[in-house]
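Single-structure report; data block below.
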Amino acid sequence: MTYINLSFAPYSSAKSQSNSIAKDNAGIVDPDYFGDYTREDRYYSVGGLTSKKQYRYIIINAKSGKTQTVNKDNAPLRQSVVDGVAERYNPKKILHINLGLYKKKPTWEVAFKNKNGTIGYDLVDFKSGKSRQLINNI
């Protein structure tokens, strides 16, 4: 296992290191997604195609360097997760979607700005697309 501490790395360095880990540990050769997720722990995630044209994600614990690879198979697309949050809460704007681990399960964090100016976070299960936790009107 490679030990790397990305927790205090500048964003561009974290992205570059994460892409390198994604290639070495998950075979992602064409990354098109980078996420920076912070809940109980901080995770960086990379999504992209392997050399066999399979789409997958790798979730990297920023502190320990531990990784978890998840295939997109049978999971909702990122855009459909965003669309579901937009439909449920009718926000003024979606701010970001980041992939990390929540209670040890792959989870999307979708941040949004409400029409009243407050911020909301919907934690959405990676596999089912169902909301796991809502933090709203912050």
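Since every read-out is calculated from the coordinates, none of them should be taken as a lab result. Note that this is a predicted model, so its numbers are computed, not measured. Don't worry about glycine lacking a Cβ; one is built from the backbone with ideal geometry, like all the others, and counts go over all protein chains shown.
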| Separation between the S12 and N90 pseudo-spin-labels, each 7 Å from Cα along Cα→Cβ, expressed in nm? | 4.2
| field | Segment K130-N71, length gained on full extension (0.36 nm per residue, minus Cα span) | value | 19.5 nm
| field | Values of log10 I(q)/I(0), in the order q = 0.09, 0.19, 0.21, 0.22 Å⁻¹, for the chain under a Debye, Cα-only, solvent-free model | value | -0.26, -1.08, -1.24, -1.32
| request: Enumerate the residues in segment 66-90 having an amide nitrogen under 17 Å from the point lying 7 Å beyond the Cα of D24 toward its Cβ. | output: 66-69
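Which value, in debye to the nearest 20, describes the size of the charge dipole of the chain about its Cα centre when Lys and Arg Cβ atoms bear +1, Asp and Glu Cβ atoms bear -1, and nothing else is charged? Display every interim value, and only then the final one.
Working: 22 positive and 12 negative charges, 40 e Å.
That gives the chain a dipole magnitude of about 200 debye.
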| request: Scan around T118 for amide H atoms under 5 Å from its own, H built in the peptide plane at 1.01 Å from N, and keep only partners 5 or more places away or cross-chain. | output: none
| query | Net charge near K63, counting Lys/Arg +1 and Asp/Glu -1 over other residues with Cβ under 12 Å of its Cβ? | reply | 0
| So what J values fall out for segment 103-110 if you push phi through Karplus, 6.51 cos²θ - 1.76 cosθ + 1.60 with θ = phi - 60°, rounded to Hz, Gly and Pro as x? | 6, 6, 10, x, 9, 8, 10, 10
| said: Restricting to Cα pairs below 8 Å that are 6+ residues apart, what does the relative contact order work out to for the chain? Please round to a whole percent. | reply: 17
